[in-house]
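Encoded as structure tokens, the structure appears first; notes follow it.
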Amino acid sequence: MQGIFNRYINYLEAERNVSPYTVRNYTSDLLGNYKRGTEKGFFQFLKLRNIESLDKVNKQVLRDYLAYLMEQGVVKASIARKMSSIRSFYRYLTREGILSINPIDKAASPRLDRRLPSFLTIAETVSLLKTPNLNTPQGWRDRAIIELIYAAGLRVSELVNLDLENINMETREIRVWGKGSRERVVLMGELAGESLINYLQNSRPELLGDKKNTAALFLNRNGERLTRRSVQKMLGRYAQIAGIEKKVYPHLLRHTFATHLLDGGADLRVVQELLGHANLSTTQIYTHVTHGRVKKAYMAAHPMAEDDKDKEDNGDENDAEGARV
């Protein structure tokens with residue numbers, strides 16, 4: 001199984017051109033984590049059940065695996081991801097002729113609860129943006145990062161992989177490579193552009209120091225490319241300082257970007273393009289709107305949305321005026 005898995009990973013990297021993050025997820029889902037915790041990988045489960053050949057797997061084995069994961073307290077979203085990894089692996093096995101048929105082709109995954117994505121209010125977003133200390137190089141860098149994620153709706157992986165050549169300050173456009181190496185151009189507003197210019201002119205040279213020149217846009221204090229983990233920790237720290245009770249992480253700012261655009265009247269397909277979603281259905285989860293926007297739209301559009309009491313008062317006044325005449 002290990003040899004076949006290695007060939008599969010080579011296929012993902014060479015032909016599908018998946019990201020290192022995706023390879024890590026597939027490895028964790030199939031092989032499991034041998035360093036800590038209960039064995040939850042698919043291959044680990046097969047070993048526990050003394051199943052030594054991939055062609056011995058069928059729908060019943062898969063159902064047993066799902067039950068096993070639920071007993072271990074694995075959340076539905078993680079189970080669904082593991083199922084997706086297993087399906088992808090078995091499609092590869094049949095395509096390569098390693099198996100003649102796919103025994104789990106139509107196996108069902110657990111139904112996920114549809115949850116609306118969380119997002120920051122405008123006031124919370126402004127509060128977060130004001131938090132970095134602009135007296136330090138890291139503060140200017142962090143301000144530019146927060147501005148850029150919120151202004152352009154970037155994934156954190158897209159952000160940390162940005163190079164200087166990807167930025168066009170004249171047009172305030174950024175060329176990014178998203179999931180599946182799909183290229184797209186995103187935009188940034190004037191404020192984000194100003195923060196980025198300040199970072200490039202004043203902060204980045206200090207962070208770079210005596211290091212050799214690097215193409216990376218965002219640098220850590222050692223002059224090296226900033227990591228996703230550093231951005232995550234930074235946002236969590238600033239959220240605490242700003243007094244934001246929600247858990248703040250990079251993808252929350254991406255949710256906020258999409259929500260605020262749609263609340264402002266942006267077309268759904270425009271938001272889809274800016275987010276880099278392959279399917280419109282993925283973007284549609286952001287069509288939730290705030291209660292205030294719903295109420296405002298209702299009051300403005302419905303012909304009988306005025307308060308009944310106001311109508312009665314107006315009616316009484318009209319009746320009284322008619323009586324006086």
Flag if residue 256 is closer than 14 Å to residue 156 by Cβ, of a type outside the set (Gly, Ala, Ser), out of contact with any Cys (no Cβ under 9 Å at 6 or more places or on another chain) and surrounded by 19 or more Cβ atoms within 10 Å (Cβ to Cβ): yes
Some residue of the stretch 70-78 being surrounded by fewer than 12 Cβ atoms within 10 Å (Cβ to Cβ) and at pLDDT 90 or above: no
Tabulated pairs, the stretch 19-43, first under 15 Å from residue 73 (Cβ atoms), second modelled with pLDDT of 80 or more and among the aromatic types (Phe, Trp, Tyr), C-beta under 8 angstrom, 6+ apart or interchain: 39/45
Residue list for the stretch 5-34, filter: buried (at least 16 other Cβ atoms within 10 Å of the Cβ), small (Gly, Ala, Ser) and assigned to a helix (DSSP H, G or I): 28
Flag for residue 256 being at pLDDT below 90 and closer than 24 Å to residue 189 by Cα: no
Scope the stretch 256-281; condition in contact with a strand residue (DSSP E or B) (Cβ under 9 Å, 6 or more places away or on another chain) and not in a helix (DSSP H, G or I); matching residues: 276
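Given the options 286, 238, 298, name the one that is in a helix (DSSP H, G or I), closer than 24 Å to residue 188 by Cβ and at pLDDT below 85.
286
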Selection from the stretch 219-253 of residues that are buried (at least 20 other Cβ atoms within 10 Å of the Cβ) and farther than 23 Å from residue 124 by Cβ: 219, 226
Of all residues making up the stretch 176-186, the number that are in a helix (DSSP H, G or I) and surrounded by fewer than 14 Cβ atoms within 10 Å (Cβ to Cβ): 2
Failed item, numbered, when residue 215 is tested on (1) more than 23 Å from residue 170 (Cβ to Cβ); (2) surrounded by fewer than 19 Cβ atoms within 10 Å (Cβ to Cβ); (3) of a type in the set (Gly, Ala, Ser): (1)
Check on residue 16, modelled with pLDDT under 90 and either in contact with a strand residue (DSSP E or B) (Cβ under 9 Å, 6 or more places away or on another chain) or within 23 Å of residue 178 (Cβ to Cβ) (or both): yes
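If I filter the stretch 237-247 for residues that are under 17 Å from the mean Cα position of the chain (by Cα), closer than 30 Å to residue 202 by Cα and in the same structural domain as residue 155 (by TED's automatic domain parsing), do I get at least one hit?
For the stretch 237-247, residues under 17 Å from the mean Cα position of the chain (by Cα), closer than 30 Å to residue 202 by Cα and in the same structural domain as residue 155 (by TED's automatic domain parsing): absent.
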Flag if residue 253 is part of a helix (DSSP H, G or I) and free of Cβ contacts under 8 Å to residues at least 60 places away in the same chain: no
Hits in the stretch 184-224 - residues which are touching an Asp or Glu at 6+ places or on another chain (Cβ under 9 Å) and of a type in the set (Gly, Ala, Ser): 189, 192, 193, 195, 215, 216, 223
Filter pass, residue 275 being aliphatic (A, V, I, L, M), closer than 30 Å to residue 230 by Cα and modelled with pLDDT of 90 or more: no
Per-region count, the stretch 187-225, residues within 25 Å of the chain's Cα centre (by Cα), part of a helix (DSSP H, G or I) and among the polar types (S, T, N, Q): 1
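The values are calculated or read from the model by the stated rules, or taken from the named source; none is laboratory data. Small disclaimer: the values here were computed from a predicted structure and weren't measured. We place every Cβ from the backbone using ideal geometry, glycine too, and count neighbours over all the protein chains shown.
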